Structures are given as structure tokens and as C-alpha cells.
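First comes the structure, then the notes that go with it.
The values are calculated or read from the model by the stated rules, or taken from the named source; none is laboratory data. For clarity, every value in this text was computed on a predicted model and none was experimentally measured. Ideal geometry is used to build each Cβ from the backbone, glycine not excepted, and the neighbour counts take in all protein chains shown.
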Amino acid sequence: MDGSMQSAAQEERRLPFSFSGTGKDYFGICLRTFLLAMVTLGIYDAWGTVERRRYLLGHTQLDGHGFDYHAKPWVILLARLIVVAAIIDINIFARIWPKEVALGAALGMFVLLPWLINSAWRFTLRNMSYRNLRFDFKGNYFQALWYFVLLPFLAVFALGLASPLVTRAQAQYVARHMKYGDAPFSLEMTVGGMYRVLLVAIPLLVLIGAVIGGVLGALYGSEIAALTDRPEALGELFGGLIMVVYLLMLPAFVLAAMSYRAALRNAVLCGAVLDGRHKFEGTLRPWRYGLFVLGSWIVAVLSLGFAVPWAVVRIRRYQMDHTVMIAQGDLDDFKGRERDAGDAVGAETGVMEGIVGGAF
Amino acid sequence: MEPSDPKKEIAGRLFDSGSSRFQPGTIRCLGDRVLAFDADGNQTVSAPLGSVQIDPPVRGMPWRVRFPNGQAFESNGPTGFDMLFGREAGRVKRFHGLTPMRWTALILASLALPFVLWFGYPIAADNVARAVPVSLDRSIGQSTFRELDGAVFDKSELPSARKAKMRAIFTEILRASDLAPGRARLVFRKSDYFGANAFALPDGTVVMLDDLVALAESDDEIAGVLAHEVAHIRERHSMRQVVRAAGISVLALLILGDGSSFAEEIAAMGAGIVQFSYNREFETEADLASAQIMRKLGRDPNAMIALLRRVYKDCGESCEETSILSTHPGLRDRLETVSGGE
Ligand SMILES: [Zn+2]
């Protein structure tokens, strides 16, 4: 990481990110917006969403300034209504022409997905600002088609072993089309960290699955044997057992997924360069972060959801405490202008989840 | 707009337009204009108060205003904000902060909401369903029947005399049920997958399966089941179920749109349980209608339950009781439904 910019050594500054929000404040915002959403049958949630994002981004601080979020609530509401209307239409048509709709939906997704992903990133980034200067994203349909539809489809044949490579390609696509003002980001990402997590996670999950399967087999083996002549009862029992296995393994899945995500986040941050000079650093320790997130969510679930705001704030603070910008000189000279963020349909379909959205 | 004291100025940070640069600065209100000055006291912007965008303050963060030319100003502390923007600030804050009174009202309203929805929602959804043209029921029913017919139904193996007898009963029931002529038809099929069962599809097709006919010991038992299925068609239960389910998904999606996937899973589970309760409601409605038709025809309304007991004889006590996780009421409650009334 360091040593590459010898000439600017005296100007190099380590700027740690921080998060200054509190669980108490965020709980108040979440409770109020949730109750208002309830009594308005969900309409208010568009406003609530903007308020929650402004709180989380506003308290995310770098070099004495918070980030800001400028999305218009009614744009989000409109997008949600469009998505809901589309879902209803598809469901009605699916009852009349099931085969045609299934085929059409698959093809439609194929055609729409790149557009949805590009518009989701555009909406999110163009509505985000730092020091009164907006971020920017300008996607490319065919590249998005390749990185988010065709490449993952091809990678299926590698049985998941290629997934860090796919993730890298996707992250690099997003980063290279992203700007702060007019200043471009670049990303040269390594995948070693992600593979190291997978190398532990896959045997761990297999082992836990085998242990749970073995215990259940010992407990229910005789019943399964007794039911072999009644396939429908056997199917029911198996259905129940699969549910049990899924619930017992859920914590292990969360742990593995979050550790993987931490490795991804580190790789993205360590490989990202802004404007050819400013670098970043992600210092999460994957498994420790995984345990931290798992613990937070277990508390959130046990509290019947009341601790969710606390968990969100705690996790965000933990992430920011492990994020550093290595700036060359001051951050005064970024230029740019506000651009139309477009509609929120892509952002509201959830296509961004699970990609690089977690990196910031 | 209330002009604030021109002598009062607020110190903060003044952000450039179109760049990440900022400097110490001040703003003040003069008449209905807002003026911003840089550190040397030079005026950098003057804009009408109405054109200045006042972002609702984020708790614990500096408040921020944005000028039409793209410049922005931020400052710590709430007093300056109130002083500068007076009534405008009040409007922004009223919307985003709540007094204890309003909190109480909001919590009470949220507590009342489930009851309003519980009783009001089915009525609202049924009104929507009534507005849906019957031709949509037809298309959905025909498509479902084609699907099932190709996959899980086989040709009926019943003797044609038996079928003719049942068709006669069916016609009798249609006449007694006030259903529009041609709205329902009876077909016979055999299915290893569904076993002893009968269905009503939304297009008006009543499917009678061989295994159920085989278990019946009297015409009244068959007639009771047919009357029940005809009632499903007359009351458009399928379409009402579809509309209610769709509405619930929409509500869940809107209220929990930004929620975690965990919340969504809980909501899906809750929605499932509510739909089971709607299904039980429709079954009871169909049972009541069946009993009514049977009495009109001078037949035994309880006979259907005897047939159902034979169908579920392996199931025992769990089919007798009504549970929140079953799609049909328990047999004991159904017997009460058909034997009670009138
Ligand atoms: Zn029924």
C-alpha cells in the first residue's frame, strides 16, 4: 500500500472514516418512521427511507465532514408504486398464461437487469454528496449485461469456485464508472482475501451440515425407515427436517457470508484509487467482523426487532472504524456539477443488494 | 415570511458550488432575502428565502441550507437555524420531530390500525374483487384446468350411469343455488396425486375425483359436496382470495420495503397465517350455502361431513380441531356450521 508515492510523502495524510451516530437517536428515527409508515399504509416509508439514509450518511464522517443524501421521497414512492404495479400485473398474467409469463419474465429480467443495475447505481450515487459535491455514476448497458448477467451465468459451471472472480469483475465495473465530482475512481482488486475466507467457510459449512444431518438422522432414522412405504408422509417429514437444518445452519451461513463480505470490502477499499492519487484502506479482520455482525443480529432477533437500529449503528461504526483514506494533500480541488439522478425503479428493486453496496 | 433581525448573523462553513472547496463564512437574513458572506466579508450569494432549500436537520449533525446557485452553508447549533428561518424552520422541524402528544397519538393510531385492517381490509378487498370482470375468473380457471388436466388428472373410470346420476344432482343444485345458467359445469377425473377430493375452479368447472365418489355412501353426501363447490363459484371465492392475497403482499412490501430480509420473512409468515384465516372464512361460507341449498332440496345437510370424516379417517383428532395453520375449519366446527342455522 504505502511507499508508492515517495514524492508526495510529506503531503500524505491518513484520514480515518468514523461514524458518530448513536443507537438511541437512530432508534427514535426508525420507530417514528415505522409507525408513520404503518398508519399511512406504507406511503410514508419513502420519506422515512430518505430520513434514515440521511442519518446514516450524515454521521459517516471523513476529515471533519459528513456525507449527505439528496433523494426526493416522492421519486422513491413513485418507483415503489411502479414496482408493486408490475408485480401485481405479472401475478395476474401468470395465473392466466403461466408458461408464457415464466418465459417472458426470465427474458425480461435478462434484458432489464443491466438497465436496473445501472439506474440503481446512478440513483444512489448521484444523490450522494460530500462537501457539497455530488458523486456520479454513468453505466454502460452492454458491459453491465456481461458482468451481471452473462458472466455469473457462465460461472455457474465452475460450481461457485469462480464467484470471487465474478465479484471482482462486477466491483471493478462499478468502481470504474463511478466518480466523485468529475474525478474518476479506479479499482485493481485482489481476490486472495476472499478465497482465504472461502477456503475455511466451505469446509466449515460442510462439517456443520454433516454434524446436524448426523444428529437428525440418529434421532429420526427409525421414523424415516418406517415411512418408506408412504411417500407423501415421508416427503412431509423431509420438508420439516430441511427447515430444521436450515434454521440450525442459518447462524453459520450468516457468519460465512459476513466474513466473505468483509474480505470483499477490504479488497475493494485497498484496490480503489480516486483521481489517480488518493487511496483507501480496509482493515476489517474477516472472521472477527463476521462474529461481530452475527452477534449483533442475534441480539436484534432476540429483542423481537427492537434492537435492529442499535445493530445497524453498531455495525456501521465498526465498519467505519476499519476504513481509512490515504489522501495526497487536501481534498479541496475536486470539481463537478449536479447531474440528474433519474428514477428510483432500479434502486427500489433491490438489485444492488449483495453486490458492492456493502462496501460503503 | 418573518424577516429576522438583520444584525444577527450566523457563523459556519460556506461551500462552493461545483467544487469540494469550503471556507469559513456567515449568513444573515435581510428582509426576505438570505445573504452569505465569505471570511473577508464579501457577499457571495443573495437569494430569496423561498428559493433556499432548507434540509431537515439530521440529529447530532450541523444543519445545512442550499442556495439556488449550488452554494451551501452549514452551521452547528439549533439556535441559529431557528433565528434565521423562523416560521420556515418550524415547518421543517414540525414535520420531522414529534412532541410527546404526537408520539402518543401516533402510537395509539398504530395500535388501532391492526383492528381497522382486520375488519376493514376484507371488505375493501372484496369491493375490489367485485369490480374485476368475471371474464378474468374464466381465463384463470381455464388455464388452471388445462395445467392440471395435462399433469395430474387422468380419465375418470366411473361407470356412465353413475356419472349421469351425479349430473342430474348437479343440475338440481344449480337450479336451487340461483347461479347464472352456464356459469358452472361438472367434470369427472381421476387423480392419484389428489386422491379423494373435489375442486371448484374460478371459471365454474367443478372437478369430482373418482376416489371421493368411491367413498360416498349416499347421494346426499355427493350433493352436499357439489353444493359446497357451487357455492365457492357463486361467491367468487378464488378471485376474492387472489385480491386479498395481492393486497396483503402490497401492504407488506410498502411498509417493510426498506426492511431487512428477516423482517420480510416474518411478514411473509404473518401474511400466510392471515390467508389461511381467509380460506377458513370462505370454507365456512361455502358450508353454510351448501346447507341452505340442501335444505331447499329436502336433502340432509350433514351428510357431507360424514363423507369428509371417511376421507380423513387416518387423520383423527387433528382434522376435528380448527387450528390457525389449517386451510379448512375443523370437522367438528364444520358439522356445527351445516347443522346449525335456520
Ligand atoms: Zn371448499
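Of note:
- Flag if A:Tyr130 is closer than 22 Å to A:Gly336 by Cα, among the aromatic types (Phe, Trp, Tyr) and touching a helix residue (DSSP H, G or I) at 6+ places or on another chain (Cβ under 7 Å): no
- Only listed residue being out of contact with any helix residue (DSSP H, G or I) (no Cβ under 6 Å at 6 or more places or on another chain) and either within 12 Å of another protein chain (Cβ to nearest Cβ) or at pLDDT 85 or above (or both), chosen from B:Gly141, B:Gly90, B:Gly80: B:Gly141
- Test result for B:Arg295, among the basic types (Lys, Arg), crowded, with 17+ Cβ neighbours inside 10 Å and at pLDDT 85 or above: no
- Failed item in (1) over 30 Å from A:Ala327 (Cβ atoms); (2) buried (at least 16 other Cβ atoms within 10 Å of the Cβ); (3) within 8 Å of chain B (Cβ to nearest Cβ), with A:Gly66 passing the rest: (1)
- Hey, A:Val268 more than 30 Å from B:Ser20 (Cα to Cα) and either part of a helix (DSSP H, G or I) or without any contact (Cβ under 8 Å) to a residue 60 or more places away in the chain (or both) or not: no
- Leading residue by the ranking (surrounded by the fewest Cβ atoms within 10 Å (Cβ to Cβ)) among those in segment A:259-317 that are farther than 30 Å from A:Asp182 by Cα and of a type in the set (Ser, Thr, Tyr): A:Ser303
- Some residue of segment B:235-243 being within 14 Å of chain A (Cβ to nearest Cβ), in a helix (DSSP H, G or I) and away from the ligand (no atom under 16 Å from the Cβ): yes
- Contacts under 8 angstrom Cβ, first residue in segment B:225-239 being over 17 Å from B:Asn302 (Cβ atoms), partner more than 11 Å from the ligand (Cβ to nearest atom) and hydroxyl-bearing (Ser, Thr, Tyr), 6 or more apart: B:Val230/B:Ser177; B:Arg234/B:Ser177
- Test: residue in segment A:312-323 that is farther than 23 Å from A:Leu125 by Cα and either under 21 Å from the mean Cα position of the chain (by Cα) or outside any helix (DSSP H, G or I) (or both): yes
- B:Val230 being in a strand (DSSP E or B) and either crowded, with 21+ Cβ neighbours inside 10 Å or more than 13 Å from the ligand (Cβ to nearest atom) (or both): no
- Top-ranked residue of segment B:300-342 - restricted to ones that are in a loop (DSSP other than H, G, I, E, B) and within 17 Å of B:Ala289 (Cα to Cα), ranked as farthest from the ligand (Cβ to nearest atom): B:Glu342
- Residue within segment B:137-150 that is surrounded by fewer than 17 Cβ atoms within 10 Å (Cβ to Cβ) and of a type in the set (Val, Ile, Thr) present: no
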